[in-house]
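Scroll down for the structure; my scribbles are underneath it.
Bear in mind these aren't lab numbers, they're just calculated from the coordinates by the rules spelled out. Here the structure is a predicted model, which is why all the values come from computation and not from measurement.
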Amino acid sequence: MPPLLIWFAIATAWLSAFALYRASPHYRGEARRWRAGNPVGLALAVLSLAAWIVGLGTGAGISVMLATWMLGLVGLPYLDYWRSPSKSEANR
């Protein structure tokens, strides 16, 4: 699998996770929720899945895409929590 295709598939999976997180009610950022995040996040997930399948085949592509996507989906709330104080701490 070419390295550029690997980085493209990882980037689209993580950007998909970021778009879905920005659209969720659990987003803690200063900016408002991004309403277009759900369709954009799902389109990026499909693009990442297609890239992984082209590079690795169907079974391995689905598995690796879900692993990179879930890493982004689980990691983003933790990064956001460590980066910014909660709303109750900011009001003190």
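By the helix-only formula, in which each DSSP H run with n ≥ 4 contributes -39500 (n - 2.57) and the sum is divided by residues, the chain has a 222 nm mean residue ellipticity of -26000 deg cm²/dmol. The distance from the alpha carbon centre of segment 51-77 to that of segment 32-47 is 16 Å, rounded to a whole number.
When you work out D = kT/(6 pi eta Rh) for the chain at 10 °C and 1.306 mPa s, using the Kirkwood radius from C-alpha pairs as Rh and the Stokes-Einstein form, the result is 114 µm²/s.
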